[in-house]
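Each remark here refers to the structure printed beneath this line.
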Amino acid sequence: MAANQQTLHEELPESQRRDLRILESIQNRVLWLSTQIVHYANNVRDNPDGLKVGGHQASSASMVSLMTALYFHELRRGDFVAVKPHASPVFHAIQFLLGNLPADKLKQLRAYQGLQAYPSRTKDVDPVDFSTGSVGLGAVAPNFTALTARYVKDHFGTGGSHRFIALIGDAELDEGNVWEALGEDNLLALDQVLWIVDLNRQSLDRVVPSGKAQKIEEMFRVHDWQVIEVKYGRRLQAYFRRPNGNRLRERIDLMTNDEYQSLLRISDGNVIREHLARSNGSVDHELLGLLEDCPAGEIRDLLADLGGHDLDMILDAYQEADRVRGRPVVIIAYTIKGWGLPIAGDPLNHSKLLSTAQMDELQVQLGVPQGGEFASFAPGSEEAGHIQFCKARLSTGRKPRKSAGRRSCEIPETLGTVHKGRRSTQQVLGTLLSSLARRPDIAARIVTTSPDVASSTNLGGWINKMGVYSSRARINYFKEAQIPQLLNWEQSPRGQHIELGISENDFFLLLAALGLSSEFFGETLLPIGTIYDTFISRGLDALNYGLYCRSKFLFVGSPSGITLSREGGAHQSVITPSIGAELPHLVYYEPCFGQELEWILLAGLRNLLDRESGRSVYLRLSTAPVDQALFPLEPGSAKESELRRDVLRGAYRLVDHRTHPDYLPGENVVHIFACGVMAPIALEASRILEGRGILANVVNMTSPGLLYRGWKHATRLRARNPRARSTALLEHVITETERACPIVTVIDGHSHTLSFLGAVFGTKTVSLGVDEFGQTGSRQELYEHYGISASAIVEAVESTLTSDAA
């Protein structure tokens with residue numbers, strides 16, 4: 001502890017001085033370990049490929065004081081924390097000191113099966129609450145988890161007492177999704193939310209523009225957050241209280257960020273003093289006199305005395321935040337990027353690494369003994385005792401990151417719904433949700449959400465039955481005035497639909513939080529969200545984040561494709577089938593018939609109950625009415641179980657010509673693989689082709705993604721063991737004698753989604769789909785224009801046979 005800090009602490013009670021002394025010692029060890037972790041990974045550990053390992057010593061250093069005070073003083077059991085991505089070395093150093101991370105793991109930053117580059121709740125071995133690798137998303141995850149906690153408490157009376165804390169870099173606030181979240185009405189008044197902003201005024205490439213800090217604070221106030229500013233340390237504040245001290249404060253306050261950062265890089269204190277006293281071409285003699293008694297060797301330290309590195313002030317700010325009720329709190333903590341390191345304040349220090357010589361000097365400076373580079377404190381020391389106390393406080397009653405996987409309800413295989421007439425899958429969804437609302441054990445676990453499209457995605461029946469969630473009951477003035485409403489918008493803490501504003505990021509982030517309720521709060525929810533299919537792309541980063549966190553939720557993209565017709569290209573989705581098929585930890589279905597959707601929806605909900613190996617589910621639905629009589633199953637049929645199995649696995653034969661007397665594979669047989677609303681179009685094409693002597697089997701693909709993954713899995717197994725008898729579903733759907741037959745695929749989406757079938761069977765394949773942006777028109781006009789009509793399918797089939805004959 002520096003002598004000037006000791007002097008400032010003398011006015012404090014002895015117990016407080018002792019606590020600060022211990023915290024400062026722990027802070028120094030955290031600074032050393034977080035810097036050493038990165039140094040070892042880059043300069044000591046074997047690196048066969050020679051590629052840069054990376055790490056963020058400077059970005060970590062600016063967070064050391066804030067995180068030391070948080071984990072070794074303020075944090076209590078039940079708190080959940082999102083850590084700034086680039087501060088992961090600090091997090092791991094702290095977890096090591098707390099006994100939650102083996103020492104050998106400190107040497108495995110960014111190594112295979114070691115510590116991840118950024119905090120990961122699914123891949124790191126220490127207890128990460130929120131994955132934060134994608135900047136902006138992890139920052140707001142605590143807010144949506146706080147909303148989930150409130151929902152769980154209102155519906156089940158459980159959840160415990162929690163605070164939801166986000167440690168955020170100031171540059172991270174440039175992400176638009178942050179302000180989308182802050183503007184969401186459902187996230188207001190969450191008084192258990194605390195954000196701590198590391199305002200080091202540097203981003204990756206530059207010193208951030210001046211005045212941004214003030215804009216940030218004002219933006220939080222506009223959104224009704226309590227703002228606590230921790231700007232200057234106690235030593236600087238002592239100077240401010242001296243005669244003419246206001247001149248020094250004004251000089252620093254009005255200084256641009258670039259000017260301030262440049263002074264931190266000047267080693268000569270006299271030069272800094274003269275620069276501070278000179279402004280607009282004149283010398284401020286009163287300011288110069290104020291600084292006369294500050295030794296030249298301490299001038300730079302005085303200037304760098306910011307509140308975000310003053311432990312006493314940080315603790316005061318944490319206590320103040322804890323007293324706030326009725327609104328979330330943000331602490332704006334001014335810090336220095338690279339604090340305590342020789343690269344402090346360097347505008348290009350984001351990825352800069354200390355040299356071995358600099359590390360040797362730092363080790364001496366921080367009092368780390370030789371041979372103790374990865375050591376904690378000696379048993380019996382004050383620091384070790386304090387750490388043990390903190391560990392006990394944090395671990396008692398702590399929820400495990402992984403759920404025990406208990407089933408909260410039983411989901412049947414069927415609801416017994418009779419699907420008849422001409423109905424779209426979007427309409428059927430509304431019917432099925434209304435049926436589930438009449439099953440209390442299942443309905444109690446379902447929570448729906450939508451970004452202001454609930455009524456246009458057929459959630460009306462569910463909302464009318466279950467109500468809209470609000471943290472407090474609200475008056476329905478339309479109902480009181482007896483004004484008829486198609487949608488009964490009853491808002492209360494018992495409601496089971498969470499209506500969001502038009503933000504697809506918020507939509508997927510809320511689903512991700514709801515889908516982790518079992519892991520966080522011990523209560524399993526079945527989250528179902530509806531969104532216009534084309535706008536999935538808008539929220540893709542947030543969707544990817546939720547899947548990476550292994551959250552379990554179900555979302556419906558509807559309406560989809562150019563089948564939306566009159567709405568035009570801006571609302572017609574093209575690439576979403578590819579997204580569904582390719583994203584990890586996601587099962588994508590695109591049913592055509594109501595019975596398919598019923599089986600798939602129920603299986604999807606059962607899948608969400610499997611907390612260990614279950615995956616999230618994406619249902620791509622449509623507004624196109626389909627004749628339900630085309631579904632090849634009579635109610636009560638003995639083949640129902642077999643067909644349901646194939647629907648859930650991804651494909652079945654809708655037209656099967658194998659019993660036709662003229663069935664000659666290699667001469668007149670073709671396979672049409674259709675997906676979703678294209679199935680009836682494929683049936684029409686098959687009828688036309690049969691009249692021309694071509695027997696076209698129609699395979700209805702309910703899940704292209706599952707089929708592809710199944711084929712890849714079987715292929716890998718056979719590659720490892722040629723004698724393995726593993727086969728994919730596709731190899732059962734198309735028998736060995738038929739596999740050389742040409743294939744035509746058709747989907748109301750990008751044609752490449754189904755093009756993998758050519759590789760599966762090694763045969764001629766023509767893939768039809770929508771490869772350009774859509775436009776306004778009737779369905780038939782658009783199907784003809786984009787080449788997915790019955791006539792286009794017929795033409796494609798005939799071309800494969802004609803070229804074969806040639």
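Things worth noting here:
- Filtered by the rule that a residue be open to solvent by 10 Å² or more (accessible area, probe 1.4 Å) and under 13 Å from Ala111 (Cα atoms), region 51-84 gives Leu51, Lys52, Val53.
- Any hit, region 476-486, residues being surrounded by 13 or more Cβ atoms within 10 Å (Cβ to Cβ) and in contact (Cβ under 8 Å) with a residue 40 or more places away in the chain: no
- Number of positions in region 108-133 that are more than 21 Å from the chain's Cα centre (by Cα) and not in a helix (DSSP H, G or I): 5
- Filtered residue count, region 93-107, keeping only those that are in contact (Cβ under 8 Å) with a residue 40 or more places away in the chain and in contact with a Phe, Trp or Tyr (Cβ under 9 Å, 6 or more places away or on another chain): 8
- Reported count of residues in region 431-468, each being of a type outside the set (Gly, Ala, Ser), touching a residue at least 60 places away in the same chain (Cβ under 8 Å) and open to solvent by less than 10 Å² (accessible area, probe 1.4 Å), is 10.
- When residues of region 134-175 are limited to those that are outside any helix (DSSP H, G or I) and of a type in the set (D, E, K, R), the one nearest to the chain's Cα centre (by Cα): Glu175
- Residues considered: Ser503, Ser492, Ser424. Of these, the only one that is surrounded by 18 or more Cβ atoms within 10 Å (Cβ to Cβ), small (Gly, Ala, Ser) and more than 26 Å from the chain's Cα centre (by Cα) is Ser424.
- Figure legend. Inter-residue proximity from region 212-230: first residues under 20 Å from Asn186 (Cα atoms), second residues open to solvent by 60 Å² or more (accessible area, probe 1.4 Å), beta-carbon distance below 7 Å, spacing 6+ or different chains. Indicated pairs: Asp224/Leu188; Asp224/Arg327; Trp225/Arg327; Gln226/Arg327; Val227/Arg221.
- Some residue of region 633-640 being crowded, with 18+ Cβ neighbours inside 10 Å, of a type in the set (A, V, I, L, M, F, W, C) and at negative phi: no
- Of all residues in region 556-590, those satisfying the criterion of being touching a Leu at 6+ places or on another chain (Cβ under 7 Å), part of a loop (DSSP other than H, G, I, E, B) and open to solvent by less than 10 Å² (accessible area, probe 1.4 Å) are Ser558, Ser560, Gln572.
- So Glu292, is it surrounded by fewer than 17 Cβ atoms within 10 Å (Cβ to Cβ), free of Cβ contacts under 8 Å to residues at least 24 places away in the same chain and in a loop (DSSP other than H, G, I, E, B): yes
- Unique residue being within 15 Å of Glu229 (Cα to Cα), part of a helix (DSSP H, G or I) and open to solvent by 10 Å² or more (accessible area, probe 1.4 Å) when the list is Asp312, Asp322, Asp360: Asp322
- Selection status of Gly50, under 19 Å from Leu31 (Cβ atoms), of a type outside the set (Phe, Trp, Tyr) and in a loop (DSSP other than H, G, I, E, B): no
- Total residues in region 243-264 satisfying the condition of being open to solvent by 50 Å² or more (accessible area, probe 1.4 Å) and in a helix (DSSP H, G or I): the figure is 7.
- Condition check for Gly777: at positive phi and exposed (fewer than 14 other Cβ atoms within 10 Å of the Cβ): no
- Taken over region 274-297, the criterion of being under 13 Å from Ile252 (Cβ atoms) and at pLDDT 90 or above is satisfied by His275, Leu276, Ala277, Asp284, Leu287, Leu290, Leu291.
- Region 661-703: number of residues that are out of contact with any strand residue (DSSP E or B) (no Cβ under 8 Å at 6 or more places or on another chain), outside any loop (DSSP other than H, G, I, E, B) and of a type in the set (Asp, Glu): 1
- Some residue of region 532-542 being assigned to a loop (DSSP other than H, G, I, E, B), under 20 Å from Ile600 (Cα atoms) and touching a Lys or Arg at 6+ places or on another chain (Cβ under 9 Å): no
- Residue match in region 156-165 (condition: open to solvent by less than 10 Å² (accessible area, probe 1.4 Å) and at pLDDT 95 or above): yes
- Scanning region 645-660 for residues that are touching a Leu at 6+ places or on another chain (Cβ under 9 Å), within 17 Å of Leu601 (Cβ to Cβ) and either in a strand (DSSP E or B) or open to solvent by less than 50 Å² (accessible area, probe 1.4 Å) (or both) yields Asp646, Leu648, Gly650.
- Thr745 meets the conditions (1) over 21 Å from Ala685 (Cβ atoms); (2) open to solvent by less than 10 Å² (accessible area, probe 1.4 Å); (3) outside any helix (DSSP H, G or I) in every case but one. The failed one is (1).
- Members of region 363-377 found to be out of contact with any Pro (no Cβ under 8 Å at 6 or more places or on another chain) and surrounded by 12 or more Cβ atoms within 10 Å (Cβ to Cβ), listed by number: Gln363, Gln365, Leu366, Val368, Gly372, Glu373, Phe374, Ser376, Phe377
- Any pair with Cβ under 8 angstrom, 6 or more apart, that starts in region 664-686 at a residue that is at positive phi and touching a residue at least 12 places away in the same chain (Cβ under 8 Å) and ends at one that is surrounded by fewer than 24 Cβ atoms within 10 Å (Cβ to Cβ) and of a type in the set (A, V, I, L, M): Gly666/Ala740
- Enumeration of residues in region 1-33 that are at pLDDT below 90, open to solvent by 50 Å² or more (accessible area, probe 1.4 Å) and part of a helix (DSSP H, G or I): Ala3, Gln6, Thr7, Glu14, Ser15, Gln16, Arg17
- Residue in region 189-242 that is farthest from Gly289 (Cα to Cα), counting only those that are of a type outside the set (A, V, I, L, M, F, W, C) and in a strand (DSSP E or B): Gln226
- Residues being part of a loop (DSSP other than H, G, I, E, B) and touching a residue at least 24 places away in the same chain (Cβ under 8 Å) - total across region 596-614: 4
- Answer from Ala792, Ala759 - the residue that is at negative phi, assigned to a helix (DSSP H, G or I) and within 40 Å of the chain's Cα centre (by Cα): Ala759
- Those residues of region 680-710 which are over 17 Å from Val797 (Cα atoms) and of a type outside the set (D, E, K, R), in sequence order: Met701, Thr702, Ser703, Pro704, Gly705, Leu706, Leu707, Tyr708, Gly710
- Among the residues making up region 748-774, those that are open to solvent by 20 Å² or more (accessible area, probe 1.4 Å) and among the aliphatic types (A, V, I, L, M) are Ala759, Val760, Val766, Leu768.
The values are calculated or read from the model by the stated rules, or taken from the named source; none is laboratory data. Just so we're clear, the structure is a prediction, and the values are computed from it rather than from any experiment. Heads up, the Cβs are rebuilt from the backbone with ideal geometry, glycines too, and the neighbour counts pull from every protein chain shown. Quick note on the areas: whole protein, heavy atoms, side chains included, nothing else; ligands and nucleic acids left out. Shrake-Rupley method; radii C 1.70, N 1.55, O 1.52, S 1.80 Å.
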